[in-house]
Every structure is written in structure tokens, then in C-alpha cells.
Amino acid sequence: MPVLLVTGGSRGIGAAVARRAAADGYDVALTYADDDAAARSVAAEVEACGRRALAIRCDVARESDVVAAFAAVDEAFGVPDAVVLNAGITGRFARVDELDVATLERVLAVNVTGAFVCAREAVRRMSTAHGARGGAIAFVSSRAASLGSPGEYVHYAASKGAVNTLTIGLAKEVAREGVRVNAIAPGLIATEIHARAGRPERLERIAAAVPMERPGTPEEVATAILWIVSPAASYVTGAILDVGGGR
């Protein structure tokens, strides 16, 4: 049976990916930062679909955690067929002239360094250059990378700009090695990330600027992700697919 690993899989888009992957027939490994109960709940939903589940506590900003997480997947399920690199944080809302270095360093450590190290571990397992059979990697980027997010979190937008560049470069690097690499760039999505960053009203405030006049759902993003890592997208690599309602 195919295996999918999703980082940041205990809530929001990551949890939706885990549920959709299970429904599509994948065994699912998910990493999470700190919420044991939420991770166990998502794992239980995967198992309720008749699939195997593995929840792994992992701070993607720590190389040792990432290496251990991939090793745990190796032991439990073998090499994953698809890896969805979703774990990320916004940091606090702040203008650039209000930004503290600790916030900036943490956002870059999770969103950029974490993405690179996770991608490295995925390629080492998937690439035909390493004796493997290939696979698919999907980064979860953000429309913020193109919009810039002025007055809110330019630091987060910049980190996702780096993810987009990583997607394009890595896709070209491993295209001949059986590994497809793409990114999904969600727009305004109805998850708790807004409240966790301190602005629970943001969804309602920004929705009017979306041409479709509503936020998206985690399930809509998950559907796009599961398509782009599936054989149905076999000739798609190096793409950044916007899922933002036209914004």
C-alpha cells in the first residue's frame, strides 16, 4: 500500500491531508510539534479508514528530530511514496520595523531550514540516484510569498518565497531521478493559524478581498495536494499551484 508522510499533521491543512490520504488508500505518518491529543485524534481517523497510522513528535527546526522522524517512518512503513512538507508558523504579526530577531529566526528555522532538511531526507529515500524507486514531494507554501503581506508578516511571506525557490530548484535537480517536486500555495484558509497568531478576526476581514468572496477550507487545499502527489500529476514538477480563490 502507498505511504504518505505529512509534517504538521495534527491540525488545519496537515490534518486534512492526513484524512484525505487515508481515504485515498494511503498509510499515513504524520509529525506534530506539541499537541499529543490532536495528533492521536488524527491518527485515529486514519485508522478508522482502515489504514495504518503513525504519529511522531517532531520539531522540524531540529535536524535530529527530522532525521529521527524519517527513520521512524522507515521502520514502521518503509520508504514513503509521497511527502507533504506542511509544518510552518507565521510568527507574530508585526511590521518589519517592529520585528524582533527571535521571531524572525524561529520563522526561518521552521519554514525554511525545516523545509530543506525534510526535503533532503525525502530525496535520500526516494531518488533513483540513491537506489530508490522515486516519489513525490509537495511543499505547502502560501500566496503570501507573492502578495508580500505588508503590515502583517513580511517575514512569513519571505520564508514562503524561499520555499517557492526551493521547489523550483529541487524539482530541476531531481527530475531525472524519479522525484517530482511541487508546491501548493494556499490563500486565505479557514484554520486556527490566524487565531494562534493573535488575529482571530482576520478571516472575516480579509475575505472581502478574495474574488470568490470567502475563505477556502483545509479540505480544498488537501484535495489539491493529494492530486499533485498522485500519479494523475505524473508530468507536473516544479509547479506552484495557487489555491487562493483568485486572490
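The values are calculated or read from the model by the stated rules, or taken from the named source; none is laboratory data. Because the structure is predicted, anything quoted here is derived from the model rather than measured. Heads up, the Cβs are rebuilt from the backbone with ideal geometry, glycines too, and the neighbour counts pull from every protein chain shown.
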**OP:** Could you check, for segment 145-162, whether at least one of its residues is within 17 Å of the chain's Cα centre (by Cα), part of a helix (DSSP H, G or I), charged (D, E, K, R) and at pLDDT 95 or above?
**Re:** yes
**OP:** Scan segment 28-73 residue by residue and report those that are over 18 Å from the mean Cα position of the chain (by Cα) and acidic (D, E).
**Re:** D36, E45, E47
Original post:
Within segment 57-85, can you find the residues that are surrounded by 21 or more Cβ atoms within 10 Å (Cβ to Cβ) and of a type in the set (V, I, T)?
Top reply: V60, V66, V73, V83, V84
Original post:
Wholly within segment 1-104, which helices (runs of 4 or more DSSP H) include no fewer than the required count, namely at least 1 residues that are among the hydroxyl-bearing types (S, T, Y)?
Top reply: 36-48, 63-77
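Would you call A162 hydrophobic (A, V, I, L, M, F, W, C) and touching a residue at least 12 places away in the same chain (Cβ under 8 Å)?
Numbers: hydrophobic (A, V, I, L, M, F, W, C): yes; touching a residue at least 12 places away in the same chain (Cβ under 8 Å): yes.
Against the criterion (hydrophobic (A, V, I, L, M, F, W, C) and touching a residue at least 12 places away in the same chain (Cβ under 8 Å)), A162 qualifies.
Results for (1) free of Cβ contacts under 8 Å to residues at least 24 places away in the same chain; (2) out of contact with any strand residue (DSSP E or B) (no Cβ under 7 Å at 6 or more places or on another chain); (3) surrounded by fewer than 20 Cβ atoms within 10 Å (Cβ to Cβ); (4) acidic (D, E), shown as yes or no for each residue.
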{"position": "A175", "(1), (2), (3), (4)": "no, yes, yes, no"}
{"position": "A185", "(1), (2), (3), (4)": "no, no, no, no"}
{"position": "I189", "(1), (2), (3), (4)": "no, no, no, no"}
{"position": "E192", "(1), (2), (3), (4)": "no, yes, yes, yes"}
{"position": "P200", "(1), (2), (3), (4)": "yes, yes, yes, no"}
{"position": "A207", "(1), (2), (3), (4)": "yes, yes, yes, no"}
{"position": "M212", "(1), (2), (3), (4)": "no, yes, yes, no"}
{"position": "G216", "(1), (2), (3), (4)": "no, no, no, no"}
